[in-house]
Structures are given as structure tokens and as C-alpha cells.
Amino acid sequence: MRGTRAQTNMGSKERMNLSKQQKKKKETTIDSYYSANGTEGERSANDKPEIPENWIQAVEELKTQLREAEDNSEKNLKIKISHLETEVLELKGENSVLKAKINQLENEAKEMKDEAKEMKDEVKRMKDDLQRKSDLKETDDQKARDEIQSLRTRIQQLESSDLTRQQDTIKQNKKNEKIEENVKHLIHKTDNLENRSRRDNLRIIGLPEDHDKRKSLDIILEEIIQENCPEILEQEGKVEIERIHRSPRVFNPQLTPRNVIAKFKNNQMKEKILQAAKKKPFRYHGNMVRLTQDLAAFTLKDQKAWNTIFRKARELGLQPRIKYPSKLTIFLQGKVWSFNTSE
């Protein structure tokens with residue numbers, strides 16, 4: 001068995017050597033036929049067989065095609081590598097974008113989770129608040145029921161009272177009504193007296209507060225008259241003021257300028273100025289100021305109650321007027337009609 005294997009191995013080696021020698025003989029190149037001096041074992045130039053020219057040309061073309069194929073394959077390989085690198089960069093960019101989006105989604109999810117927690121806490125607080133309010137309402141309802149029951153008991157006691165108490169109540173009501181009438185009459189008298197004490201007063205509305213820092217109020221009033229109705233000064237002479245001041249005493253910068261109250265010594269001059277102020281708007285250094293009769297606060301409140309009716313009557317052409325102290329007059333069907341706030 002060993003001898004047979006050895007022979008077999010020797011035979012295979014010989015066959016391999018024989019095939020290598022045959023292959024070497026076959027690898028004799030065309031260039032060897034064109035060499036000027038052939039090496040040992042090669043044919044001489046005279047013994048070299050002739051090769052057809054078309055074979056040589058075909059071989060050269062085949063070499064050229066092989067070189068071009070190699071160049072093209074190398075270029076294609078470079079282009080493919082470049083494409084692959086570009087795709088890799090694009091994939092990296094897309095990967096970074098996806099990572100950013102994932103981070104954003106994670107942040108949004110976290111924010112939504114926090115908001116959900118806050119909403120849950122808010123719902124809990126609202127629930128607790130509603131429960132507390134419900135408890136308070138129930139307590140208040142119980143108190144209200146107790147008070148109603150107490151009132152009912154007191155009503156029953158009052159209803160069961162005797163006739164004498166009812167008569168005393170009626171008498172007391174009559175006395176109260178009489179007292180109310182007297183109070184209204186006294187208030188009317190007091191307002192009338194206050195208005196009469198103010199008949200020489202003139203109220204200036206809308207005069208800015210900063211003018212007081214530069215000039216006194218009496219000089220400002222004289223300048224207002226000089227600017228708007230100088231003819232009164234020419235007729236009456238110098239303005240004589242007994243007293244002039246701002247009202248109220250304390251200034252609030254958040255409110256409009258305080259009114260100026262001026263008490264004239266000459267009532268005739270005051271009336272002329274008031275009539276001139278009714279004909280045209282007065283101005284002082286570019287600011288609109290309004291001059292009116294100084295009246296008691298209750299009378300001003302009564303006059304203010306006519307504002308809506310006054311505007312409507314003017315739209316209807318009824319020639320409305322407010323006469324002293326707070327009486328509204330209109331002209332209708334050839335007659336003058338008067339109304340008081342108490343009517």
C-alpha cells in the first residue's frame with residue numbers, strides 16, 4: 001500500500017512537471033520572434049516562422065482594448081468610490097438630522113409629560129377647591145336655612161302681636177314720612193342758601209395744574225378774560241377777585257385738573273363773563289377751558305341727571321335749557337314746558 005501510494009505520488013509529480021514544461025513552451029511570446037538575437041533554445045531570426053500581419057494587429061488591438069478596459073474599470077471604480085463616499089456623507093447628515101429630530105421629539109415628549117403633570121396637579125387643585133367651596137356652600141345654606149327659620153319665627157311673633165303695636169307702627173310711619181318731608185324741605189333750603197352764597201362764584205374747568213407754578217390764579221383768570229373777551233375788561237375795568245382757589249384742596253395727579261373757584265366782588269362782571277363763555281369756547285395758552293356758574297354739589301347732581309334727556313331733546317329740536325337751579329325747560333307746540341328732577 002505504501003509503495004503504491006509512493007508510485008502514485010511520483011507519477012503525479014512527473015505529470016505536473018511535464019505540464020509546467022509544456023506550458024512554458026506555450027508561453028513563448030511574440031516578442032521572442034522579433035528579438036534580434038534569440039537566447040539559447042530560441043529560434044534564430046532566419047528560422048523564425050512568419051506571423052500573419054492581421055494577427056499582430058489583432059494582438060495590438062487586444063492590448064489596447066485591455067489597457068482601455070483597465071483604465072475604464074479604474075475610472076468607474078473611482079467614480080463608484082466617490083459616489084459611495086457622497087452617499088456616506090449624505091447618510092451621516094441624515095443620521096445627524098434624525099438624531100436632532102429624535103432629541104426634539106424626546107424634549108417635546110418630556111414637555112408634554114411635564115404639562116400633563118401640571119394639568120393633573122391643576123385638576124387636583126380645582127377639585128379640592130370645588131370641594132372646599134361645596135363645603136362652604138353647604139355651611140352657608142345651613143346658616144341661611146337657620147336664618148330663614150329665625151325670620152319666620154319672628155314674623156309669626158310680629159303677626160301675633162296686638163293691634164296697639166300695629167297702630168303705633170302706623171303712627172310712627174306717618175311721623176317718619178313727615179320727618180322725611182321736613183328733611184327734603186331743609187335740604188332744598190340749604191341747597192338754595194348755598195347756591196345763593198355761590199352766586200358771585202365762577203367755576204373754571206380744565207385749567208392745567210402746571211400753570212399755578214408760574215403765576216397766581218387771579219393773574220391767570222385775568223389773562224383768560226383778556227384772551228377771550230377783552231371787551232369786558234374795557235367796559236368794567238380791572239377784575240376784582242375776593243377769593244380764588246383750587247377745589248378740592250388735595251391734588252391727585254391721576255385725575256383731571258382740579259376746578260378753580262373764583263369769587264368776584266362785582267357780580268355784574270361775573271355775569272358778563274359767564275354769558276360770553278356760553279357763546280363761544282374759551283382757551284388759555286392753547287388749552288380748552290370751560291367757565292360755568294359755581295353751584296352746590298346736590299344741584300350739580302340734579303343737573304347731571306338731565307344730561308341724557310337734554311341731548312335727546314336737542315336732537316328733536318325742542319330747544320332744551322337748564323334754568324337755575326336744576327329745572328329743565330323745552331319749547332314744544334309754541335309753549336315752554338318746565339320740569340324738575342323730583343317730577
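The values are calculated or read from the model by the stated rules, or taken from the named source; none is laboratory data. Treat the numbers as computed from the prediction; the structure is a model and nothing was measured. Positions of Cβ are backbone-derived with ideal geometry, glycine not excepted, and every protein chain shown enters the neighbour counts. Please note that ligands, DNA and RNA were not included when accessible areas were found on the heavy atoms of the full protein model with its side chains. Shrake-Rupley method; radii C 1.70, N 1.55, O 1.52, S 1.80 Å.
Quick one: in region 259-286, of everything that is under 41 Å from the mean Cα position of the chain (by Cα) and open to solvent by 40 Å² or more (accessible area, probe 1.4 Å), which residue is nearest to G206 (Cα to Cα)? Within region 259-286, the match that is nearest to G206 (Cα to Cα) is R283.
I155 meets all of the listed conditions (1) over 30 Å from F298 (Cβ atoms); (2) assigned to a helix (DSSP H, G or I); (3) in the same structural domain as A277 (by the TED database) but one, namely (3).
Yes/no per residue for (1) among the hydrophobic types (A, V, I, L, M, F, W, C); (2) touching an Asp or Glu at 6+ places or on another chain (Cβ under 9 Å); (3) at pLDDT below 80:
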residue	(1), (2), (3)
L158	yes, no, yes
L163	yes, no, yes
Q166	no, no, yes
T169	no, no, no
K174	no, no, no
V183	yes, no, no
R203	no, yes, no
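In contact with a Pro (Cβ under 7 Å, 6 or more places away or on another chain) and open to solvent by less than 50 Å² (accessible area, probe 1.4 Å): does that describe P230? It is false that P230 is in contact with a Pro (Cβ under 7 Å, 6 or more places away or on another chain) and open to solvent by less than 50 Å² (accessible area, probe 1.4 Å).
Residues in region 79-90: is at least one open to solvent by 100 Å² or more (accessible area, probe 1.4 Å) and either at pLDDT below 85 or touching a helix residue (DSSP H, G or I) at 6+ places or on another chain (Cβ under 6 Å) (or both)? No. Answer yes or no: is there a residue in region 310-324 that is modelled with pLDDT of 85 or more, part of a helix (DSSP H, G or I) and open to solvent by less than 70 Å² (accessible area, probe 1.4 Å). The answer is no, given that none of the residues of region 310-324 is modelled with pLDDT of 85 or more, part of a helix (DSSP H, G or I) and open to solvent by less than 70 Å² (accessible area, probe 1.4 Å).
Looking only at region 178-215, which residues are among the β-branched types (V, I, T) and assigned to a helix (DSSP H, G or I)? The answer is I179, V183, I187, T190.
Restricting region 189-198 to residues that are open to solvent by 40 Å² or more (accessible area, probe 1.4 Å) and in contact with a Phe, Trp or Tyr (Cβ under 9 Å, 6 or more places away or on another chain), the residue that is nearest to V260 (Cα to Cα) is E194. Selection of region 247-265 for residues being not β-branched (V, I, T) and not in a strand (DSSP E or B) yields P248, R249, F251, N252, P253, Q254, L255, P257, R258, K265. Here is a check on your reading of the model: is I244 outside any helix (DSSP H, G or I), within 45 Å of the chain's Cα centre (by Cα) and modelled with pLDDT under 90? Here the answer is no, as I244 does not meet what is asked. Residue count for region 236-256 satisfying the condition of being touching a residue at least 24 places away in the same chain (Cβ under 8 Å) and open to solvent by less than 50 Å² (accessible area, probe 1.4 Å): 5.
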